[in-house]
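A short worksheet on the structure shown next.
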Amino acid sequence: MTYSRGAAYGKGADAYARVGVESGVMSANPHQLINMLFDGANASIRAARIHMQAGNTVEKGKSISKALDIVNNGLLAALDREKGGEIAERLGSLYDYIARLLLTANLRNDEESLDSAESLLGEIASAWREIGQQQSA
């Protein structure tokens, strides 16, 4: 049985990254968890753009699917529409729109839609981080 050192290193690095992420999640407060979701969605969108530009359809689709999952099952699902009222409703609509942009980007190889989704998520994330800083002060 043989293995390449690169493959073993890759598996070890992946395991280390998973442990790091899991540790970060376990020690994060709810505000930090939402920050992590924004970071994950934006990282997936950046990866999708790279794969789109390289013509790697399968990996582009996987990256966009991951971003969609984060938006729909993370950010959208985390909204408390009772306590959040109108703001939560508007954010919900915005997340729905971002999901449609991501679907369009995937179906049509539309980098502009990908850019729009990333920009909108970036603006929301920036506002979210600012709220966290104000709460810390």
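The values are calculated or read from the model by the stated rules, or taken from the named source; none is laboratory data. Worth saying up front: this structure is predicted, and the values here are computed from it rather than measured. So basically every Cβ, Gly included, is an ideal-geometry build from the backbone, and we count neighbours across all protein chains shown.
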Quiz item: Applying the selection to the range 39-92, what residues are among the hydroxyl-bearing types (Ser, Thr, Tyr) and farther than 20 Å from Arg129 by Cα?
Solution: Thr57, Ser63, Ser65
Quiz item: In the set Glu89, Glu130, which member is among the acidic types (Asp, Glu) and touching a Leu at 6+ places or on another chain (Cβ under 9 Å)?
Solution: Glu89
Quiz item: What tally of residues in the range 40-64 results from selecting those that are under 10 Å from the mean Cα position of the chain (by Cα) and without any contact (Cβ under 8 Å) to a residue 60 or more places away in the chain?
Solution: 5
Quiz prompt | Residue satisfying condition, being in contact with an Asp or Glu (Cβ under 6 Å, 6 or more places away or on another chain) and either in a helix (DSSP H, G or I) or at pLDDT 95 or above (or both), within set Ile45, Ile34 | solution = Ile45
Quiz item: Got at least one residue in the range 11-26 being assigned to a helix (DSSP H, G or I), farther than 26 Å from Ala117 by Cα and either of a type in the set (S, T, N, Q) or modelled with pLDDT of 85 or more (or both)?
Solution: yes
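Would you call Gly92 surrounded by 15 or more Cβ atoms within 10 Å (Cβ to Cβ) and without any contact (Cβ under 8 Å) to a residue 24 or more places away in the chain? Steps first, please.
Working: surrounded by 15 or more Cβ atoms within 10 Å (Cβ to Cβ): yes; without any contact (Cβ under 8 Å) to a residue 24 or more places away in the chain: yes.
In short, yes.
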Practice problem: Check the range 98-119 and report whether any residue there is assigned to a helix (DSSP H, G or I), touching an Asp or Glu at 6+ places or on another chain (Cβ under 7 Å), of a type in the set (D, E, K, R) and free of Cβ contacts under 8 Å to residues at least 12 places away in the same chain. | Solution: no
